[in-house]
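Working notes, structure below.
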Amino acid sequence: MNADPPLPSVDPLTELAQALRRFADERDWDRFHAPKNLAMALSVEAAELLEHFQWLGEEESKRLSPEKLAQVGEEMADVLLYLVRLADKLGIDLAQAARRKMRVNAQKYPAHLAHGSRRKYTEL
């Protein structure tokens, strides 16, 4: 009988938040990590991610070279790191917030009305 792998004692986002806290503490950067500063940095990193796709066609954006894919991955990691750090500073459980938001979206976009549609929930 195959047993499921053991669950981690700490979820990955909490573990990442703790690692980021240590990283900032070791460099005395916590004083720079006010929520507004982290939100601005997050926005900048999201723009840097977007820059990789700026002039690509839809199909091109699906077929990135390995080098471009690595660059995009680094920008995505930057976005994630700032988001996790911001959530940590504000005491927000990101996984819980995401699950809650998915429930809200499921109510706003019922599958039987939203299936295959790009319309906003107010237009369904």
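Read-outs throughout are calculated quantities, based only on the coordinates presented, and are distinct from any laboratory measurement. All values reported here derive from a predicted model rather than from experimental measurement. All Cβ positions, even for glycine, are placed from backbone atoms using ideal geometry, and neighbour counts span all protein chains on display.
Checking each residue in the range 96-124 for being small (Gly, Ala, Ser) and surrounded by 13 or more Cβ atoms within 10 Å (Cβ to Cβ) picks out only ALA114.
Taken over the range 89-118, the criterion of being among the aliphatic types (A, V, I, L, M) and either in contact (Cβ under 8 Å) with a residue 12 or more places away in the chain or not in a loop (DSSP other than H, G, I, E, B) (or both) is satisfied by LEU90, LEU94, ALA95, ALA97, ALA98, MET102, VAL104, ALA106, ALA111, LEU113, ALA114.
Name the residue that is farthest from the chain's Cα centre (by Cα), counting only residues in the range 11-70 that are in a helix (DSSP H, G or I) and among the aromatic types (Phe, Trp, Tyr). Among those residues, the one meeting the criterion is PHE32. When the residues of the range 78-124 are narrowed to those that are β-branched (Val, Ile, Thr) and under 22 Å from the mean Cα position of the chain (by Cα), which ends up nearest to GLU15 (Cα to Cα)? So, considering only residues that are β-branched (Val, Ile, Thr) and under 22 Å from the mean Cα position of the chain (by Cα), the one nearest to GLU15 (Cα to Cα) is VAL84.
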